[in-house]
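So the structure is just underneath, and the comments pick up after that.
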Amino acid sequence: MANNITMERWQIVENFVKHSVDDWKDKKPFFRHHTEKLIRHVARFLGGHTYDDDSGFDPLAHAICRALFLLWGNKQQRKS
């Protein structure tokens, strides 16, 4: 079920090969970086791609992951 998907599970998708576990938190500017990546993955999906060339995962999995990163960032911003 989608409700059982945690941030940590989606981090595995996005950080599969080339990222450390938490480096996504340090991208600057945070919102612009992750929004651009989200849009890129959605565009690849809409263009008919069924897997990411680097990881082999579905571009929608990457887009969902980026959306969750943005959700986390938004929550952090509201805390401060």
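The values are calculated or read from the model by the stated rules, or taken from the named source; none is laboratory data. In this text the structure is predicted, and so the values were computed from the model without any measurement. Here the Cβ is made from the backbone with ideal geometry for all residues, glycine too, and neighbour counts use every protein chain on show.
Structure data summary
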item	result
Which listed residue, of 14, 8, is at pLDDT below 90, acidic (Asp, Glu) and in contact with a His (Cβ under 8 Å, 6 or more places away or on another chain)	14
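Each row is one residue, and each column tells you yes or no for (1) modelled with pLDDT under 95; (2) in a helix (DSSP H, G or I).
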{"residue": "20", "(1), (2)": "yes, no"}
{"residue": "25", "(1), (2)": "yes, yes"}
{"residue": "31", "(1), (2)": "no, yes"}
{"residue": "34", "(1), (2)": "no, yes"}
{"residue": "38", "(1), (2)": "no, yes"}
{"residue": "43", "(1), (2)": "no, yes"}
{"residue": "53", "(1), (2)": "yes, no"}
{"residue": "68", "(1), (2)": "yes, yes"}
